[in-house]
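Quick notes on the structure that follows.
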Amino acid sequence: GFHLSGTVTDPATPSSPELVCNVSVSFDRCKITAVTCTCGNKDIFYCAHVVALSLYRVRKPEQVKLHLPISETLFQMSRDQLQKFVQYLISVHHTEVLPTAQKLADEILSQNSEINQVHGAPDPTAGASVDDENCWHLDEEQVQEQVKLFLSQGGYHGSGKQLNLLFSKVREMLKMRDSNGARMLTLITEQFMADPRLALWRQQGTTMTDKYRQLWDELGALWMCIVLNPHCKPEQKSSWLRQLRRWNSVDVCPWEDGNHGNELPNLTHSLPQGVHGNQELRPHRTVFTRAIEACDLHWQDRHLQHIIASDLYANYCYHDNQEGSLFDSHGWPLWPEHVPTACARVDALRSHGYPREALRLAIAVVNTLRRQQQRQLEHFRRHKKELLHKGHTSITNMEGWVGHPLDPIGTLFSTLTESGRAGDEGTTTCLDLSDCSSVVSRAELQRMPMQRLLGEGESYVALAVETALIGLGQQRVMPDGLYAQEKVCRNEEQLLAKLQEVELDDSLVKIFRKQAVFLLEAGPYSGLGEIIHRESVPMHTFARYLFTSLLPHDAELAYKIALRAMRLPVLESTASSGDLSRPHHIVSVVPNRYPRWFTLSHIESQQCELASTMLTAAKGDSRRLETVLESIQKNIHSSSHIFKLAQDAFKIATLMDSLPDITLLKVSLELGLQVMRITLSTLNWRRREMVRWLVTCATEVGVYALDSIMQSWFTLFTPTEATSIVATTVMSNSTIVRLHLDCHQQENLASSARTLALQCAMKDPQNCALSALTLCEKDHIAFETAYQIVLDAAATGMSYTQLFTIARYMEHRGYPMRAYKLATLAMAHLNLSYNQDTHPAINDVLWACALSHSLGKNELAAVIPLVVKSVKCATVLSDILRRCTLTTPGMVSALQSRRNSGKMSLDKAPLRQLLDATIGAYINTTHSRLTHISPRHYSEFIEFLGKARETFMMAHDGHIQFTQFIDNLKQIYKGKKKLMMLVRERFG
């Protein structure tokens, strides 16, 4: 009965031959305590052959021969039989057992050996003694190997999933009250602690991955469950404590909040004021700290034992009027321990296979939460005046329940909902912590129906929902560190996902209403109270869920909740500047964005989602839309989120299936205007898109909106945006068609556009003058004004490129004299040096000369001195000279030819001046080029001299000048023998 052995055959497969395995299994008190199999397959528990043999024994007991313990058989043998038995045994297994047999024989024959001091001999087939440890077989080496392997894969190949399965296995063992649970967890933890990456991350100051962090969390939570086992022996607990302390003291042991050593060294401490001032004093907790602290907890409290032992434990004569009371006003028991600790007890009871007891304690904890909530409300009402007068509050709860490492609310929620699903089974297990007969006898317990756990008309699900709402609504401080903050978001989302699975019936709506009112009125104890601490965790995600759940049943309350939750005090600037009642003056730059709020962008997007949900719901209700708009303008600080809301509102307002909702369109426009104001002085890469969108939105609202944005352009746009995007779009044909404007309206709009254009041109002539001229073309006076603005600005602020561009536009529009005037002003700003023969302004210079040439002799005469002054590049000058000598100036029309008769002479001004300047430029350029010339440029240089000769020859004494010039070169640069030889060959 204590040992089972047999052979198991693995049939042959195409890839492997038949395998016969010898299997042996040891039993003790209904557990398999040891296994061996010759197959060599390793697993944490058993290979397939062990399972096969065990099942065979279970299913076909009569096929398995039963023997007495071997000691009994040996007792029946004679001296000769015993000798025969031993010798045969040794001969069958002589290689394995001979050394052992020899050693034992020596010891038995030695008078004073240890073996002779003990009476009798061990018998593995007779089972263990009653006091011996007995636990299921667990291959420790294999556990270590597997964990090591999964950790080394670093989260790839589903290793995280495998590790989670091992953790589930531990929970399963605890539920079965298998003592291997703690052993297995110890082995897992040892491997986690030995992970080489821990030291590496610590050195580099990098953080571990999220998935890996979550595994450590689960490890910490499991140890908490183990040390809280209500049935563990004191010596067991102290050995666990020693172990936990040992791990805790290792310097790579991960911290509970996910920060490690040098991750963001000083951000946390850079703000001495407020909640986090004493940060240095708070030692960091590791993932094992809570389990170590939980080793001090015990289950001996009488009141606790009564709660756990009986559904009927109550005190109906009790009046709940003192602080430390053990029952509430209904006479139901309370368990007023620190909430996360109390919930850890609930989790431990569930984990160790006591669901009914866990449920009883969970209900006592929830009753305590409700009573606490009631008390806090009463306290706030008493002190409301002074608190509101102060206008700010300190946070009573530094450690929120949502995002807490022990997940107290999640534990209560699942304990209650699982009990709700499972009905009343599970009442058979009874956790006998001590003798609770003083309360109610066992016999009575079995006779009475299980009706007392809940109040009138309550269900476990209703209780679970209420608990989740209390937890989610609790005001709590934003924890330190990226990991802890992400955990708050994640935990909140997990709880909301669980709540969303519950279908709301009338009784649950009642609870929602009750809790919503509580949360609004409970002051600083609630994250939705009238005043909250600047650093408390925002309620946007939770409020969005409350809003959508309550909206069909109590819209007024739903909006109250959502509007209250919109605030984000951490972004409010402490000193308000400007009049905050008017949205235009909202401070756009928030000076003290908290560097510690790592999840701020996620929080702001949740705030935006909440606002968007309200806008969608408020369509068609102008009063509500007005309130939501005010809330957005007051509370949202990010321009991109306000822009998103403006776009959302626009989409909802202009849905295809109905007429546009004009109130919502106005909200959209108002938000768009706010974005324009905020981003006007700060850089935003989406600015162009925002400006274009605003014009589209204003067009939808109507002509008066377009007129209004043009009237107040300077508060919304830069001059460039106002002229090149806003006014141009407003004046386009498509806008006029879209708005169905009559002539009168068109003229009004055009007039506003012209006024805007002139104002912009005055403010920023460089960038707006051309747009202003274009916009004012159809109005003579406005056009003249715009031209005058350009002339005034030309002397000071405008570059030659801008002036040439406007000049060419003037010529194109049929104003050649104005174009000429602007071209001469542009020339004054230009400076082309000798080597800039590919400069982009060359075309403009050629165009300006051609224009003045076409206007006549006087104009050409006036422009040439400007060219000579600005252009030092020989090739450009010779090009201009050639063009001027080819045709007569002013030959464009007969009228001009009478005014300017005959070609201009190269011997007289102004062409003589141009010729001299060109020759001079060739001489200077030649000297400049020869200073740093290399042989590979010689032939190119000779070509250049050839071009120079052509220009010299245009002068009447050019031949002499050129010869002199060449002689001069030969003299000065005689050291460059090869080059001078080439010059002689070509030019004599």
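The values are calculated or read from the model by the stated rules, or taken from the named source; none is laboratory data. All values derive from a computational prediction rather than experimental measurement. Here the Cβ positions follow ideal geometry from the backbone for every residue, glycine too, while neighbour counts run over all protein chains shown. Only protein heavy atoms, including side chains, enter the accessible area calculation; ligands, DNA and RNA are left aside. Shrake-Rupley method; radii C 1.70, N 1.55, O 1.52, S 1.80 Å.
To put it simply, the accessible area of the range 601-701 at a 1.4 Å probe is 56 percent carbon and sulfur. Computed over protein heavy atoms with a 1.4 Å probe, the carbon and sulfur contribution to the accessible area of the range 913-987 reaches 52%. Projected label points at R202 and D657, each 7 Å from Cα along the beta carbon direction, are separated by 6.2 nanometres. Just so you know, the averaged projected area of the alpha carbon convex hull for the chain sits at 74.1 nm². A simple packing score, the average count of other Cβ atoms within 10 Å per residue, orders the peptides 917-923, 369-375 as 917-923, 369-375, with the highest score first. Under 5 Å between amide hydrogens, which residues at least 5 positions from M904 or on another chain qualify, with H placed 1.01 Å from N in the peptide plane? Close amide H contacts, sequence-distant or interchain: none at all. With the simple spin-label model, which puts each label point 7 Å out from Cα in the Cβ direction, the R29 to A497 separation comes to 4.1 nm. Count the net charge of all other residues whose Cβ sits under 13 Å from the Cβ of E172, scoring Lys and Arg as +1 and Asp and Glu as -1. Summing Lys/Arg as +1 and Asp/Glu as -1 gives +4. Over all pairs of different C-alpha atoms, the range 601-701 has a mean inverse distance whose reciprocal, the Kirkwood radius, equals 13.5 Å. Taking label points 7 Å from Cα along the Cα-to-Cβ direction, M981 and H298 give a separation of 11.4 nm.
The listed peptides 472-484, 945-957, 4-16, ordered by packing as a protection proxy, come out as 472-484, 945-957, 4-16 (highest mean of other Cβ atoms within 10 Å first). Mean residue ellipticity, 222 nm, helices only, the chain: the sum of -39500 (n - 2.57) across DSSP H runs of n ≥ 4, divided by residue count and rounded to 500, is -18500 deg cm²/dmol. Please label the shape of the range 343-407 as rounded, prolate or oblate, based on the square roots a ≥ b ≥ c of the eigenvalues of the alpha-carbon gyration tensor (a/c under 1.5 means rounded; beyond that, a/b larger than b/c means prolate, else oblate). Since a/c reaches 1.5 but b/c is at least a/b, the shape of the range 343-407 is classed as oblate. Specify the angular offset, from 0 to 90 degrees and rounded to the nearest 10, of the alpha carbon long axis of helix 800-812 from the longest principal axis of the alpha carbons in the chain. It is inclined by approximately 60 degrees. The apolar share of the surface of the range 1-67, taken as the fraction of accessible area on carbon and sulfur atoms (1.4 Å probe, ligands and nucleic acids excluded), comes to 57 percent.
Multiplying the residue separation of H119 and D837 by 0.36 nm and removing their Cα-Cα distance gives an extension gain of 246.9 nm. What pairs from K947/K970; K560/K634; K384/K560; K908/K970 go past 21 Å between their alpha carbons? Too far apart for the 21 Å limit: K908/K970.
Working from Cα pairs under 8 Å separated by at least six residues, relative contact order for the chain is 5 percent.
Based on protein heavy atoms only, the chain ends up with 51 Å² per residue of surface accessible to a 1.4 Å probe.
Peptides 792-804, 737-749 ordered by packing proxy, namely the average of other Cβ atoms within 10 Å per residue, highest first: 792-804, 737-749.
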